[in-house]
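Since the structure comes first, as structure tokens, the remarks are kept for the end.
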Amino acid sequence: MAKNKKQKVRRPSAETPKGFRDYFGAEVAERSEMLSAITEVYHRYGFDALETSAVETVEALGKFLPDVDRPNAGVFAWQDEDEAWMALRYDLTAPLARVYAQNQQFLPTPYRRYAVGPVWRNEKPGPGRYRQFYQCDADTVGSASPAADAEICAMLCDALEAAGIERGDYLIRINNRKVLNGVMEVVGLLNPDAPDEGEEARGVVLRAIDKLDRLGPDGVRALLGEGRKDESGDYTKGAGLNADQTEIVMGFVEAERETGAATCGRLRELVEASPAGLEGVAELETIAALLDAQGYSGRAKIDPSVVRGLGYYTGPVYEAELTFEIIDEKGQKRQFGSVAGGGRYDDLVMRFTGQHVPGTGVSIGLDRLLAALREKRGKAAEQVGPVLVTVMDKDRLPDYQTMVAELRSAGIRAEMFLGGGNMAKQLKYADKRSSPVAIIEGGNEKDAGIVQLKDLALGARLAAEIETNEQWKAQPAQIEVPRERLVEEVRAMIARAG
RNA sequence: GCCGGCGUAGCUCAGUUGGUUAGAGCGCUUGAUUGUGGAUCAAGAGGCCCCCCGUUCGAGCCGGGGCGCUGGUACCA
């Protein structure tokens, strides 16, 4: 009786793990092209490549210990055999800090390096947000000069243009955390003599400012004061500022003027009471002057609403935003938003060495940038597949493979059919692969010293105009050529199709 | 975390007031065509109807709970 009751095996479901994705041919090529365009710019600016391991010790990554602070928050981590905690890197900056601290004696100071690769974050994925994504970073470690920040901004402009974003389609917005801190002082949220007090409230204020473009001034006001309830019914607690304080912060956020100089002038008024704030304004002026001198003034501007999360930034911060509109899946116009960001962090290496080492750098989110470009220029041109040499006589594989070899050494992408099946099946395969040409050499052709070249691209075009099977069979998209002229004729046919 | 929507074939989805053996399109396999891609036609393979409990003579459908996916929001080094 066990016979007729088929034993059901639970089959594994073939799916990409949640938050991850697979990249197929064209996407892989597209990304690696973009990567090399960007790194070429980084290299030209004098930055050295650095490739570090994907795995770091949790200790080196710092702060985000699993099970301790927040279980399962952020990093993919596991315990090694010796019980040491390991984790996949969540960005490229923390590994840089580790490498710099570790190799300080061998590395030049300032050390300029770029790094590219995937990073992993163990958090809830959203639309367009994955748990593995590619970053492309450049940092200067060991220089406190605003010139280092200005250089990064200029380089970011060049990198975006090399990646295919046209001038005018992006904008670098620059701010300075010192100015923000100056405002905090003025509002009374920061006491320079006790910098640790009120950190939480300042965090709430920073996050509120960061949401200006999405929520608008009124939403930010609500978050600075009592709090805000959004459409989904979720309530976000505010910073609890009073009306006067709120207006001071909003005055800062909206301090942007026609020119950089005017904006700096306005900021100077706002943070007059704070020496740190004034220092920040002076840095912004220096950066603006340096960018101007290099001819970047139209592509970068000072914008007091830039915050860059909270995190470790201590000085200038910058963000690259795309300014063109795209039509999303719902048919609505929207801005694409930020594709890169960075800033100055002065304390990253201190964790390792106890020394104060300033650094500044930028990170480009490659996946977002790729998505933006795809939206902008529409669907990528269809990829052309390899020339297919069909197999007519199973015992003449060497003949077919010789043709393939000839084509390949002439630089033409080609392959012999390796599956099983008749001619119809082989041509279907060629069709699916977008092969431009199929080559047929049966016994008759062999004896006559010729081969058939089938122009698949032309045939596909003709198919659109054809009604009946007879017409289809009669279509002229196939020619006979002498065997010894194979390479030339295939090349010519591909050229006609393109 | 919080709020909402949805779970039926590989994919996109139908499925009547609860009623026999659960359907379609696409995709896949085979054939009409033993040497020619499209279109057409025919046949075939492929289902824990998310899971558990309950109601019922009877549940894909009704009730409760769970899980998963998804949209928004929060967090994001």
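A few comments on the model shown:
- Put a plus charge on the Cβ of each Lys and Arg, a minus charge on the Cβ of each Asp and Glu, and nothing anywhere else: the dipole of chain A about its Cα centre is then about 2160 debye.
- Within the range A:278-305, backbone nitrogen closer than 18 Å to the virtual label 7 Å beyond the Cα of residue A:350 toward Cβ: A:280
- The trypsin sites (Lys or Arg not before Pro) of the range A:84-175 that DSSP puts in a loop, and whose beta carbon has at most 14 other beta carbons within 10 Å, are A:167.
- Cα pair distances in chain A, grouped into 10 Å bins until the bin that holds the longest one, percent each: 3, 15, 21, 20, 14, 11, 9, 5, 1, 0
- Those aspartates and glutamates that a straight Cα-Cα span of less than 12 Å connects to residue A:446, excepting residues fewer than 8 apart in one chain: A:393, A:399, A:480, A:484
- Base-10 log of normalised Debye intensity for the range A:387-497 (one unit scatterer per alpha-carbon) at q = 0.12 Å⁻¹: -0.39
- Calculated [222 nm] ellipticity per residue, helices only, for chain A: -12500 deg cm²/dmol; basis is -39500 (n - 2.57) per DSSP H run with n ≥ 4, divided by all residues, nearest 500.
- Reach of residue A:237 by Cα under 18 Å, taken over aspartates and glutamates that are not fewer than 8 positions away in the same chain: A:199, A:200, A:210, A:218, A:226
- Carbon and sulfur %, accessible surface of the range A:387-497 computed with the full protein complex present, 1.4 Å: 53
- When the square roots of the Cα gyration tensor eigenvalues are ordered a ≥ b ≥ c, the ratio a/c for the range A:122-244 is 1.5 or more and a/b does not exceed b/c, which makes its shape oblate.
- Compared with the alpha-carbon gap, the fully stretched path from residue A:32 to residue A:145 is longer by 37.4 nm at 0.36 nm per residue.
- Packing here is the average count of other Cβ atoms within 10 Å per residue, and on that basis the peptides A:195-208, A:19-32, highest first, run A:195-208, A:19-32.
- Accessible surface for chain A, divided over its residues, is 54 Å² per residue with a 1.4 Å probe.
- Percent RCO, i.e. relative contact order, over chain A, from Cα pairs under 8 Å lying at least 6 residues apart: 13
- Apolar share of the accessible surface for the range A:39-164: 50 percent from carbon plus sulfur atoms, 1.4 Å probe.
The values are calculated or read from the model by the stated rules, or taken from the named source; none is laboratory data. The model shown is predicted, which means the values in this text are computed figures rather than measured ones. With ideal geometry, Cβ positions are generated from the backbone for all residues, glycine too; neighbour counts draw on all protein chains shown. When the accessible area is computed, the model is the full protein with side chains, heavy atoms only, and any ligands, DNA or RNA have been set aside. Shrake-Rupley method; radii C 1.70, N 1.55, O 1.52, S 1.80 Å.
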